[in-house]
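Trainee: Take this structure first; my questions come after.
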Amino acid sequence: MDIKNFKLTRRQTLKAAGISAVASAAGMTGCSSAPEQVSGPVPINGIMPWSNWSGNQVSYPAERTRPRNIDALAKLLKETDGKIRAVGAGHSFSGLVPTNETLLSMARFRGISHINKETKEVTAGAGTRLAALGDELWENDLGMINMPDINTQALAGAIATSTHGTGQKFGSLSSFVTGLTLVTAAGEVLKCSATENKDVFDAARCNIGSLGIITDITMQMRDSYYLKERSEMLPIDEAFEKMEELRLAKRHFEAFGLPHANHVLLIEFDEISKEESDAKQSEAESGDAYETFRTLADVIDTMPFLRGAVMSIAPRTVGVEEKYGPWNKIFGNVRDMRFNEMEYTVPAEDGLACFREVLETIKKKDIDVIFPIEYRYIKEDDIWLSQFYKRPGAAISVHNFHDKPYMPYFAEMEAIFDRYQGRPHWGKVHNKTEKEFAALYPKWEEFKKLRQRLDPTRRFINEHLENIFPV
Ligand SMILES: Cc1cc2nc3c(=O)[nH]c(=O)nc-3n(C[C@H](O)[C@H](O)[C@H](O)COP(=O)(O)OP(=O)(O)OC[C@H]3O[C@@H](n4cnc5c(N)ncnc54)[C@H](O)[C@@H]3O)c2cc1C
């Protein structure tokens, strides 16, 4: 072994720093960061509760339905007239899904139904999970252009909120959509694309479940590819100096700012050849930042007075890490620590200033949080309610553990995002109502008119959407 080049993994270095030892000496068991089952709500009057991934949204749907096919769905919509909400994977933190009337799952609309090898467009059922696309795309030498942080969302759920990854050259998943089928409140089936029902297409690619039920989605793919992922923890000033260069130079770039610390984790992705990927895969340092964070969280949860010390010492022990592999193995993290999240997208040119202000405010106000702040870039698009509508964006996400209060912290952060004309992620916690959205989205009135046309009796409006579309 070459001692000079020898580096411990994050887990090992943390152990070396004694942090894990402290943790076990304190007899820690599963606290906030443990991979847990969220203890959920209980049935009321025989009605089973529905709750989202983090457990902050709960409802008691009187009816649950899973149509078999598009005819059954159209018939259901024609022959009933109550409120109805579609659910994908239930991974939204905002109140988009909850209903005490009918909850509709598109779980039977799964899988790839068509691949156009020439144009590299792929059609799949609305309920297909992103992860389920990977292997079949790979077998067909295709790849998704970009991916979000996780891959467990349903396709229609993901595009409903402009779910995105990072990379200034790439838009959100909604921007890769080239066609979709929507069934309206009255059961009318509409095929939509840039050349057919174009207004519905421009609205429905980010629809927050307010226009109708999507049954299938066609997306632009590309040739399959390999990625190298590299992460490095840097002192905060050095990291901020490097970020603009990384934004421009890398296929994907993101950062995680650690609250109460003087360090930022930078993660960059480059496209590489199969040969490089194969050669480097086995020798790559395979530490896991997530595991490191879990350890930190466990220690601080048990001994909160150690927060300052742990957050300033631990990041210094983290070495450079690299991963190599096919696109569908590198994208798609496992997130088994439950949390709640707020995310705002600010104009890309203001991103770093806003990110810095967020980190400084947490320190200055001594906000009780250790969850890293995620920072990403997304290309602009032309989708009416997309956070990236005609504006390249920097998305800043703040989180807290599912069993910790999050509203006071998020409210502090929201005040900062507002000063930068931030647009909230539709699927994450926010406190915005119609008046503010009308000022943030140039196509607001057009979307509303189209919504009223497709859903005149407001079947798709639940309590959360009442604040967004009061009329
Ligand atoms: C751990 C975690 C990581 C995340 N990472 C990211 C990330 O990296 N980037 C990012 O942008 N977001 C991220 N999110 C947010 C998430 O991607 C969005 O909230 C997404 O909308 C959730 O998809 P879903 O399938 O769970 O949809 P749900 O939350 O179930 O539903 C979302 C919306 O879609 C509507 N809908 C669902 N199916 C249909 C249909 N067939 N027709 C019409 N409307 C429908 C619902 O009514 C609702 O309005 C993350 C969330 C979690 C919990």
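The values are calculated or read from the model by the stated rules, or taken from the named source; none is laboratory data. The shown structure was predicted, so the numbers you read here are calculated from the model rather than taken from an experiment. Positions of Cβ are backbone-derived with ideal geometry, glycine not excepted, and every protein chain shown enters the neighbour counts. Note: areas computed on protein heavy atoms with side chains; ligands, DNA, RNA excluded. Shrake-Rupley method; radii C 1.70, N 1.55, O 1.52, S 1.80 Å.
Trainee: Identify, by number, the condition in (1) within 13 Å of the ligand (Cβ to nearest atom); (2) closer than 29 Å to residue 247 by Cα that residue 180 doesn't meet.
Mentor: (2)
Trainee: Any residue in segment 83-90 that is in a loop (DSSP other than H, G, I, E, B) and under 18 Å from residue 174 (Cβ atoms)?
Mentor: Of the residues in segment 83-90, the ones in a loop (DSSP other than H, G, I, E, B) are 83, 88-90.
In the following step, the residues that additionally are under 18 Å from residue 174 (Cβ atoms) were identified as 88-89.
Yes.
Trainee: If we scan segment 413-435, do we find a residue that is closer than 22 Å to residue 297 by Cα and part of a helix (DSSP H, G or I)?
Mentor: yes
Trainee: Take the residues of segment 330-349 that are surrounded by fewer than 24 Cβ atoms within 10 Å (Cβ to Cβ) and away from the ligand (no atom under 11 Å from the Cβ): which is modelled with the lowest pLDDT?
Mentor: Let us first name the residues in segment 330-349 that are surrounded by fewer than 24 Cβ atoms within 10 Å (Cβ to Cβ), namely 330, 332-339, 341, 347-349.
After this cut, where a residue has to be away from the ligand (no atom under 11 Å from the Cβ) as well, the list is 330, 347-349.
On the way: 330: 93, 347: 98, 348: 98, 349: 98.
Within segment 330-349, the match that is modelled with the lowest pLDDT is 330.
Trainee: If you scan segment 418-460, which residues turn out to be β-branched (Val, Ile, Thr) and buried (at least 20 other Cβ atoms within 10 Å of the Cβ)? Explain how you work it out, then say what you get.
Mentor: Restricting attention to segment 418-460, the residues satisfying the condition of being β-branched (Val, Ile, Thr) are 429, 433, 457.
Listed by number, the list holds a single entry, 429.
Trainee: Since residue 403 meets every condition but one in (1) buried (at least 20 other Cβ atoms within 10 Å of the Cβ); (2) at pLDDT below 95; (3) not basic (Lys, Arg), which condition does it not meet?
Mentor: In the conditions (1) buried (at least 20 other Cβ atoms within 10 Å of the Cβ); (2) at pLDDT below 95; (3) not basic (Lys, Arg), residue 403 misses (1) alone.
Trainee: Of the residues 105, 92, which single one is of a type in the set (Gly, Ala, Ser), in contact (Cβ under 8 Å) with a residue 24 or more places away in the chain and within 8 Å of the ligand (Cβ to nearest atom)? Outline the logic, then answer.
Mentor: Details: 105 fails: within 8 Å of the ligand (Cβ to nearest atom).
One residue alone meets the criteria, 92.
Trainee: Tell me which residues, restricted to segment 392-409, are within 15 Å of the ligand (Cβ to nearest atom) and either closer than 16 Å to residue 373 by Cβ or assigned to a helix (DSSP H, G or I) (or both).
Mentor: Matches in segment 392-409: 393, 394, 395, 396, 397, 398, 399, 400, 401, 406.
Trainee: Determine which single condition residue 122 fails, assuming it passes every other condition in (1) farther than 29 Å from residue 332 by Cα; (2) touching a Ser or Thr at 6+ places or on another chain (Cβ under 8 Å).
Mentor: The single condition residue 122 does not satisfy is (1).
Trainee: Looking at segment 108-123, which of the residues that are in contact with a strand residue (DSSP E or B) (Cβ under 9 Å, 6 or more places away or on another chain), farther than 16 Å from residue 155 by Cβ and outside any strand (DSSP E or B) is farthest from the ligand (Cβ to nearest atom)? Can you show your working first?
Mentor: First, the residues of segment 108-123 that are in contact with a strand residue (DSSP E or B) (Cβ under 9 Å, 6 or more places away or on another chain): 108-117, 119-123.
Imposing the further condition that a residue be farther than 16 Å from residue 155 by Cβ reduces the set to 116-117, 119-120.
Checking which are outside any strand (DSSP E or B) leaves us with 117, 119-120.
Numbers: 117: 26, 119: 24, 120: 23 Å.
Top of the filtered list is 117.
Trainee: When residue 371 is evaluated against the numbered criteria (1) within 16 Å of the ligand (Cβ to nearest atom); (2) within 29 Å of residue 177 (Cα to Cα); (3) modelled with pLDDT under 95, which criterion, by number, is the only one it fails?
Mentor: Residue 371 satisfies every listed condition except (2).
Trainee: Still on this structure, I have one more. Residues that are among the β-branched types (Val, Ile, Thr), under 20 Å from the mean Cα position of the chain (by Cα) and buried (at least 17 other Cβ atoms within 10 Å of the Cβ): does segment 217-239 have at least one? Show your work before the answer.
Mentor: The first filter runs over segment 217-239 and keeps only residues among the β-branched types (Val, Ile, Thr), leaving 217-218, 236.
Filter once more, keeping what is under 20 Å from the mean Cα position of the chain (by Cα): 217.
Filter again for buried (at least 17 other Cβ atoms within 10 Å of the Cβ), leaving 217.
Yes, the conditions are met somewhere in segment 217-239.
Trainee: Shifting gears a bit: What are the residues in segment 201-232 that are in contact with a strand residue (DSSP E or B) (Cβ under 6 Å, 6 or more places away or on another chain), more than 12 Å from the ligand (Cβ to nearest atom) and more than 11 Å from residue 177 (Cβ to Cβ), if any?
Mentor: First, the residues of segment 201-232 that are in contact with a strand residue (DSSP E or B) (Cβ under 6 Å, 6 or more places away or on another chain): 201, 204-205, 209, 212-222, 224-232.
Applying the additional criterion that residues be more than 12 Å from the ligand (Cβ to nearest atom) yields 201, 218-222, 224-232.
Residues satisfying the conditions are 221, 222, 224, 225, 226, 227, 228, 229, 230, 231, 232.
Trainee: Identify the residue in segment 257-275 that is touching a residue at least 40 places away in the same chain (Cβ under 8 Å) and open to solvent by 60 Å² or more (accessible area, probe 1.4 Å) and, among all such residues, is farthest from residue 146 (Cα to Cα).
Mentor: Here the answer is 262.
Trainee: Another question, then. Return the only residue of 126, 160 being crowded, with 24+ Cβ neighbours inside 10 Å, touching a strand residue (DSSP E or B) at 6+ places or on another chain (Cβ under 7 Å) and touching a residue at least 60 places away in the same chain (Cβ under 8 Å). Show your work before the answer.
Mentor: Values: 160 fails: touching a strand residue (DSSP E or B) at 6+ places or on another chain (Cβ under 7 Å).
Selected residue: 126, the only one of 126, 160 that is crowded, with 24+ Cβ neighbours inside 10 Å, touching a strand residue (DSSP E or B) at 6+ places or on another chain (Cβ under 7 Å) and touching a residue at least 60 places away in the same chain (Cβ under 8 Å).
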